[in-house]
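Asker: Provided herewith is a single structure, encoded as structure tokens, for subsequent inquiry.
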Amino acid sequence: MATLTAVQRELLRSDIWFSQVPPPLAESLMNQALLKTLRDGETLFSRGEAVDGLYAVLEGALHISGVTRDGREAVLSLIEPPMWFGEIALFDRLPRTHDAVAEGATTVVFVPLSVLDTLLDAHPIYWRYFGVLMAFKVRMAFIALEDLAIVQPAERLARRLVWLTYCAVTGGEMGRRRLTIKQTQLALMMSLSRQTVNQLLRALEQRGVIRLSYGLIDVLDTAALVDAAMLTPVERRMLERAGFFLPATS
């Protein structure tokens, strides 16, 4: 069992969810965690595999995806430090719902299921905090479904970039502002062609909202991006919780 460094512990504590759990729970998870390293393109777990525990990204990134019978990939989300994931299977004990694949060299924290079961049996109140983590993921899933159904492509892209930035928030800042994602992956997330996504990204770049480079999107003007996303009042509250600066609504 590798011991987490002080820097790694501080990074985990900067996560929106993890920063709000009771200190004894946070310490128990960090003290009993294992470290796993992955090469670029290596699979952490695959759809259908048995639940094994809870994870958090410390370095690198993972994309969560599924592959159809004819080989088409559907990318659902990108997980960057210090986000926790894998909690759905903790509740229902069913197999993993999707594949988790490393984007570049990646390091993750792993808390085995046996550790979680012992901890939750001893402190049932902790289930509430894992429930909050799962509720956040459910809320994000509903937002994504609504975006696909009724939101026009330009606004949909702005919204997706906002949520990717939101999930990458660390240390109470407005967001890391650098997204490690390829345009092809972004297109798959949004059910749009890569050409359409490229055109929409170029339009945002011309306005000075973002800067594009290979495999990276730098968010230069978070407020302008949030404004373009046309957020609902509830969504704005979610961002305010993360420390985003929000432009005033008209």
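Asker: Filter the stretch 165-184 down to residues that are open to solvent by 20 Å² or more (accessible area, probe 1.4 Å), at pLDDT below 85 and assigned to a helix (DSSP H, G or I), then give me how many there are.
Answerer: 1
Asker: Examine the stretch 127-150 for a residue that is of a type outside the set (Ser, Thr, Tyr), outside any helix (DSSP H, G or I) and out of contact with any strand residue (DSSP E or B) (no Cβ under 7 Å at 6 or more places or on another chain), and state whether such a residue exists.
Answerer: No, the stretch 127-150 contains no residue that is of a type outside the set (Ser, Thr, Tyr), outside any helix (DSSP H, G or I) and out of contact with any strand residue (DSSP E or B) (no Cβ under 7 Å at 6 or more places or on another chain).
Asker: I've got another one for you. Output the residue which, of all residues in the stretch 120-138 that are among the charged types (D, E, K, R) and closer than 19 Å to residue 56 by Cα, is most open to solvent (accessible area, probe 1.4 Å).
Answerer: 128
Asker: Next up: For the stretch 76-92, check the following and say yes or no: at least one residue is in a helix (DSSP H, G or I), touching a helix residue (DSSP H, G or I) at 6+ places or on another chain (Cβ under 7 Å) and open to solvent by 60 Å² or more (accessible area, probe 1.4 Å). Give the derivation first.
Answerer: So the first thing to find is which residues in the stretch 76-92 are in a helix (DSSP H, G or I), and the list is 87-92.
Now drop any that are not touching a helix residue (DSSP H, G or I) at 6+ places or on another chain (Cβ under 7 Å), which leaves 87-88, 90-91.
Subsequent filtering for residues that are open to solvent by 60 Å² or more (accessible area, probe 1.4 Å) retains 88, 91.
Yes, some residue in the stretch 76-92 is in a helix (DSSP H, G or I), touching a helix residue (DSSP H, G or I) at 6+ places or on another chain (Cβ under 7 Å) and open to solvent by 60 Å² or more (accessible area, probe 1.4 Å).
Asker: Quick check on my filter: what residues within the stretch 212-222 are open to solvent by less than 20 Å² (accessible area, probe 1.4 Å) and among the hydrophobic types (A, V, I, L, M, F, W, C)?
Answerer: 217, 219
Asker: Follow-up. Return the residues of the stretch 139-155 that are open to solvent by less than 70 Å² (accessible area, probe 1.4 Å) and either in contact with a Gly (Cβ under 8 Å, 6 or more places away or on another chain) or closer than 22 Å to residue 84 by Cβ (or both); say none if nothing qualifies. Please lay out each step first, then the result.
Answerer: Narrowing the stretch 139-155 to residues open to solvent by less than 70 Å² (accessible area, probe 1.4 Å): 140-141, 143-144, 147, 151, 153-155.
Selection gives 140, 141, 143, 144.
Asker: Within the stretch 185-211, which residues are open to solvent by 60 Å² or more (accessible area, probe 1.4 Å) and touching a residue at least 40 places away in the same chain (Cβ under 8 Å)?
Answerer: Of everything in the stretch 185-211, those that are open to solvent by 60 Å² or more (accessible area, probe 1.4 Å) and touching a residue at least 40 places away in the same chain (Cβ under 8 Å) turn out to be 188, 191.
Asker: To continue, here is another question. Among 46, 65, which is modelled with pLDDT under 95, among the polar types (S, T, N, Q) and either in contact with a Leu (Cβ under 7 Å, 6 or more places away or on another chain) or open to solvent by 70 Å² or more (accessible area, probe 1.4 Å) (or both)?
Answerer: Answer to the selection: 65.
Asker: Among 159, 236, 202, which is the only one that is out of contact with any Gly (no Cβ under 9 Å at 6 or more places or on another chain), modelled with pLDDT of 90 or more, under 25 Å from residue 133 (Cα atoms) and part of a helix (DSSP H, G or I)?
Answerer: 159
Asker: Among the charged types (D, E, K, R) and under 18 Å from the mean Cα position of the chain (by Cα): which single residue out of 87, 73, 49 fits that description?
Answerer: Only one candidate passes the filter, namely 87.
Asker: Quick one: which of 117, 52, 99 is among the charged types (D, E, K, R), open to solvent by less than 70 Å² (accessible area, probe 1.4 Å) and in contact with a Pro (Cβ under 9 Å, 6 or more places away or on another chain)?
Answerer: 52
The values are calculated or read from the model by the stated rules, or taken from the named source; none is laboratory data. As the structure is a computational prediction, the values presented were derived from the model and not from experiment. No Cβ is skipped: glycine too gets one built from the backbone with ideal geometry, and neighbour counts run over all protein chains shown. Remember, those area values only see protein heavy atoms, side chains included, never the ligands or the DNA or RNA. Shrake-Rupley method; radii C 1.70, N 1.55, O 1.52, S 1.80 Å.
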